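**Q** Pasting a structure here, questions to come.
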Amino acid sequence: MNRTAQALRSWERAETILLRGALLVDPAAGLEEVQDLFLRRGRVEGIAPQIAREADLIVDLDGMVCAPGFGDLHVHLREPGDEDAETIETGTHAAAVGGFTRVACMPNTHPPIDTRGQIEFLLRRAAECGHCRVHPVAAATVARAGKQLTDMRELQGAGAIAVSDDGSPVADALIMRRLLEYARTWDMLVITHAEELSLSRGGIMNEGYWSTVLGLPGIPAASEGVAIARDVRLAELTGARLHVAHVSTREGVEVIRLAKSRGIPVTAETAPHYISLTDESLKSFDPVYRVNPPLRAEQDRQAVLEGLRDGTLDIIACDHAPHTRVAKDQELSAAPPGMIGLETAVGVTIEFLHHREGFDLSQIVRAFATRPAEISGWGGGRIRLGEDADLTILDPHAEWVVDPQSFVSMAGNCPFRDLKLRGRVRMTVCDGRITHEEGLRFCPSERLQSQLV
Amino acid sequence: MAIKHLLGLQELNAEEILTILDTARTFREVLERPIKKVPALRGVTICNAFFEPSTRTRVSFELAEKRLSADMVNFSASNSSVTKGETLRDTIQNIEAMKLDIVVVRHSSAGVPTYLAKHLAARIVNAGDGQHEHPTQALLDLYTIREKKGRIAGLKVAIVGDIAHSRVARSDIWGLTKLGAEVTVVAPRTLVPLEIERMGVKVATSLEEGIRGADVINVLRLQLERQAGGFLPSLREYRMTFGLEPGGLGPATPDVLIMHPGPINRGVEIHPDLADGPHSVILEQVTNGVAIRMAVLYLVSGGTPPEPMVEGNVLMTAHPAGR
Ligand SMILES: [Zn+2]
């Protein structure tokens, strides 16, 4: 039996577990100090400095950060329909390896998720796989066609956490208005893929110096800014809760900052690639860098960092978008946009925000756990006594080099290949169970050891 | 100096560009002989892979290859297997299996030559990729200017027309600025791409301003579909505002050269009298194009550039190919 399997078995068999010596970072509880966690059958029974109780299993977390389980509000699992790119099994497994205990999956599958039966299918498959919780985002309009609203109340009852036509915007402003008004009736979150298609259509990369040099059709930052401006005004008009997906531009950040200052109920996310990469990457013509919205200019990257710093941007979500090798191994104009991110998100974020930009770890935990829970209402987001442990444990200093070959995701369209990062997930605990573990020290008591033999 | 591929002028330095121009001069002399053929690329196999229709550039390359005694095959894919779902990857693997030494490629998608260079052992020559680069066209423009004016450095060059969608403009800008020319692009704002000033050029939105003091005016072809794309109100208005007319050369230098990469829309971007007039070097560009392409193919195959000042017979012997 290998070491990890042994560790898992000892965790399963232990009546009591002591997680010792980690820096507990839980912004919701205002906590950032070294404390121990005492678990009984996977449930949190004690949080305190230096717990001296006996336990069947002690896990040594010296030097580690222990946070409430991370959640990703924007993931494409590709099932049903594109199982050659990713499945619920592989996508949720990648989430667990990446430190996530929850993901919200987007409805732009084939067919799109717009009925109760499809929501039930997703939840059943996710439960069977058991890698992490899956919270389906239902299509906002039937077949994501932007015409007729989906049966939102029913979808919500079946488990949809939000509605969105992600992959495309709701192009018609009146439909968007009705959607927001109707969603407000049921306090349903609306996630907008903010893109003015008449400005972006045919574009391959950000419009700017690099699109000029490379002769590639450009997508102006204004296509995002204009669309976000429309949607926040409609959120103001309707009072509905609006969440702006994948903000990539200075314009976008500025519009959201203004909206928030006016008290409009809007929240927003950005993705790890917008804090770490720019449109200059496209000079290699490598389709791995094609994504929508596109990688933007350095000034946009700086604005996104500032947006995260001042809270204009609430959360970081991967927009994990797997594609097959065949689909991506084409000329840029033919290759589909999208990049995967679940297995690199934490590493990239800790490297670029914490180590390079001086963000506190608590700011990062807020963006990955606290705020996603508050925005989505999916529960979790903090470490609570009496609840099943839901934890992300990471080593903020561990160095590693990104190798997509080693990913559990089926896809390899990762823009961070060969990048050296500091910060790596060491263990993910979901519902009191270990869903991912890597290289931690597990010390079973003699009693437990004898049971395990 | 070794040029492995010719993907664009952005990645060449001034010395490399001048080497190509010097080598082309040697070949240009060959083209004036009664027997216009040298054995320089005997035994070298070249594939002209044209994924986008082109007559002029392809014929120019074919001629250059024949003059160099290369073995040449054509692969025209615009209406064949590629549009029927064959991926570029399949095409490439086929090309690779045929053991070709040099692939001359034209494709409607920017970056395809770069992609080929990454995946093939063969040397790649870009014959135009999307709106990215068309390096042999720019090289023949540079050659023509240098022959006519004796230099490039310090000259004022105006490039007039659809800069935004032009691979010729991009390659010209890199080549001219690297060799020290002062470049102004002249077009309505709809046809000027963002931040082009960072490529080292000035932008003028008046023809009169743009060609003031110009030693060279390079007129670009206006794709007639730009009107439908909303870039222009009408061809009529374009002709009236940016079309080069016989009475309009006043602000330029008296011996200004008029160039055009072809094919010309006579009466749209340039008046026929100017296209065929004494300032025009348009047909010389075509002849020089063959010499430039001979030089490029010769150099990427591993050929030795001529010694400066010595019109040597290095080109008269066959040499091992690049592979
Ligand atoms: Zn989206």
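**Q** Grab the strands (runs of 3 or more DSSP E) fully contained in the stretch A:30-96, keeping just those with 2 or more residues being more than 24 Å from A:H397 (Cα to Cα).
**A** Counting at least 2 such residues, we get A:31-40, A:43-48, A:70-75.
**Q** Would you check which residues across the stretch A:100-115 are away from the ligand (no atom under 13 Å from the Cβ) and outside any loop (DSSP other than H, G, I, E, B) and list them? Outline the logic, then answer.
**A** Keep residues of the stretch A:100-115 that are away from the ligand (no atom under 13 Å from the Cβ), which gives A:100-103, A:109-115.
If the condition is that a residue be away from the ligand (no atom under 13 Å from the Cβ) and outside any loop (DSSP other than H, G, I, E, B), then A:F100, A:T101, A:R102, A:V103 are the ones that fit.
**Q** So, one more: List every residue pair whose Cβ atoms sit under 8 Å apart, with the two residues 6 or more apart in sequence or on different chains, where the first one lies in the stretch A:159-176 and is in contact (Cβ under 8 Å) with a residue 24 or more places away in the chain and open to solvent by less than 10 Å² (accessible area, probe 1.4 Å) and the second, anywhere, is within 9 Å of the ligand (Cβ to nearest atom) and of a type in the set (A, V, I, L, M, F, W, C).
**A** Listed by first residue and then by second, the contacts come to A:A162/A:I191; A:V163/A:I191; A:S164/A:M106; A:S164/A:I191; A:S164/A:A245; A:D166/A:M106; A:D166/A:I191; A:D166/A:A245.
**Q** Just the residues that are within 16 Å of the ligand (Cβ to nearest atom) and either of a type in the set (G, A, S) or within 14 Å of chain B (Cβ to nearest Cβ) (or both), please, taken from the stretch A:281-292.
**A** A:R290
**Q** Here's a follow-up. Can you name every residue in the stretch A:328-340 that is at the interface with chain B (Cβ under 10 Å from one of its Cβ atoms) and open to solvent by 20 Å² or more (accessible area, probe 1.4 Å)?
**A** Correct list: A:D329, A:Q330, A:E331, A:S333, A:A334.
**Q** Let me ask something additional. From (1) within 16 Å of the ligand (Cβ to nearest atom); (2) touching a helix residue (DSSP H, G or I) at 6+ places or on another chain (Cβ under 8 Å); (3) closer than 21 Å to A:R230 by Cβ, pick out the condition that doesn't hold for A:Q148.
**A** Every condition holds for A:Q148 apart from (1).
**Q** Also, quick follow-up: Among the candidates B:D273, B:D255, single out the residue that is part of a loop (DSSP other than H, G, I, E, B) and open to solvent by 70 Å² or more (accessible area, probe 1.4 Å).
**A** Unique residue meeting the criteria: B:D255.
**Q** For residues in the stretch B:184-218 being farther than 22 Å from B:P254 by Cα and acidic (D, E), which is surrounded by the most Cβ atoms within 10 Å (Cβ to Cβ)?
**A** Checked the stretch B:184-218; the qualifying residue surrounded by the most Cβ atoms within 10 Å (Cβ to Cβ) is B:E195.
**Q** May I ask you to list the residues in the stretch A:211-227 that are within 12 Å of another protein chain (Cβ to nearest Cβ) and under 16 Å from A:R250 (Cα atoms)?
**A** Scanning the stretch A:211-227 gives A:I219, A:P220, A:A221, A:A222.
**Q** Mind checking which helices (runs of 4 or more DSSP H) fall wholly inside the stretch B:22-119 and carry at least 1 residues that are within 11 Å of chain A (Cβ to nearest Cβ)? Give the steps one after another, and end with the answer.
**A** Values: elements: B:56-67, B:88-97, B:112-119.
Fully inside the stretch B:22-119 and qualifying: B:88-97, B:112-119.
**Q** Looking only at the stretch A:293-313, count how many residues are open to solvent by less than 40 Å² (accessible area, probe 1.4 Å) and away from chain B (no Cβ under 14 Å). Spell out how you get there, then give the answer.
**A** The first filter runs over the stretch A:293-313 and keeps only residues open to solvent by less than 40 Å² (accessible area, probe 1.4 Å), leaving A:293-297, A:300-301, A:303-305, A:307-308, A:311-313.
Now drop any that are not away from chain B (no Cβ under 14 Å), which leaves A:293, A:295, A:301, A:303-305, A:307-308, A:311-313.
Qualifying residue count, the stretch A:293-313: 11.
**Q** If you don't mind, there's one more thing I want to ask. Looking only at the stretch B:6-21, which residues are touching a residue at least 40 places away in the same chain (Cβ under 8 Å) and either over 15 Å from the mean Cα position of the chain (by Cα) or more than 14 Å from chain A (Cβ to nearest Cβ) (or both)?
**A** B:L6, B:L12, B:N13, B:A14, B:I17, B:L18, B:T19, B:I20, B:L21 - these are the residues of the stretch B:6-21 that are touching a residue at least 40 places away in the same chain (Cβ under 8 Å) and either over 15 Å from the mean Cα position of the chain (by Cα) or more than 14 Å from chain A (Cβ to nearest Cβ) (or both).
**Q** A further question follows. For the stretch B:181-222, give me the residue count where each residue is of a type in the set (S, T, N, Q) and within 14 Å of another protein chain (Cβ to nearest Cβ).
**A** Taking the stretch B:181-222 and keeping what is of a type in the set (S, T, N, Q), we get B:184, B:190, B:205-206, B:218.
If we keep only those that are within 14 Å of another protein chain (Cβ to nearest Cβ) as well, we get B:190.
Count: 1.
**Q** Can you pull out the residues in the stretch A:187-210 that are hydroxyl-bearing (S, T, Y), more than 7 Å from chain B (Cβ to nearest Cβ) and open to solvent by 10 Å² or more (accessible area, probe 1.4 Å)?
**A** A:S198
**Q** If you don't mind, another one. Across the stretch B:223-245, which residue is modelled with the highest pLDDT among those that are over 14 Å from B:N265 (Cα atoms) and hydroxyl-bearing (S, T, Y)?
**A** B:T241
**Q** Being under 27 Å from A:F352 (Cα atoms), within 16 Å of the ligand (Cβ to nearest atom) and not basic (K, R) narrows it down to one residue among A:A271, A:A222; which is it?
**A** Result of the check over A:A271, A:A222: A:A271.
**Q** Among the listed residues B:D141, B:D129, which satisfies the condition of being buried (at least 21 other Cβ atoms within 10 Å of the Cβ), of a type outside the set (A, V, I, L, M) and more than 14 Å from chain A (Cβ to nearest Cβ)?
**A** Every option except B:D141 fails the conditions.
**Q** Next question, about the same structure. Kindly provide the set of residues from the stretch A:386-420 that are hydrophobic (A, V, I, L, M, F, W, C) and either assigned to a loop (DSSP other than H, G, I, E, B) or under 22 Å from A:L282 (Cβ atoms) (or both), ordered by number. Talk me through it step by step, then tell me what you get.
**A** Narrowing the stretch A:386-420 to residues hydrophobic (A, V, I, L, M, F, W, C): A:389, A:391, A:393-394, A:398, A:400-402, A:407-408, A:410-411, A:414, A:416, A:419.
Answer for the stretch A:386-420, where residues must be hydrophobic (A, V, I, L, M, F, W, C) and either assigned to a loop (DSSP other than H, G, I, E, B) or under 22 Å from A:L282 (Cβ atoms) (or both): A:A389, A:V402, A:F407, A:V408, A:M410, A:A411, A:C414, A:F416, A:L419.
The values are calculated or read from the model by the stated rules, or taken from the named source; none is laboratory data. Remember, it's a predicted structure, so these values are computed and weren't measured experimentally. Virtual Cβ from ideal backbone geometry, glycine too; neighbours counted across all protein chains shown. Surface accessibility is based on the protein's heavy atoms, side chains included, excluding ligands, DNA and RNA. Shrake-Rupley method; radii C 1.70, N 1.55, O 1.52, S 1.80 Å.
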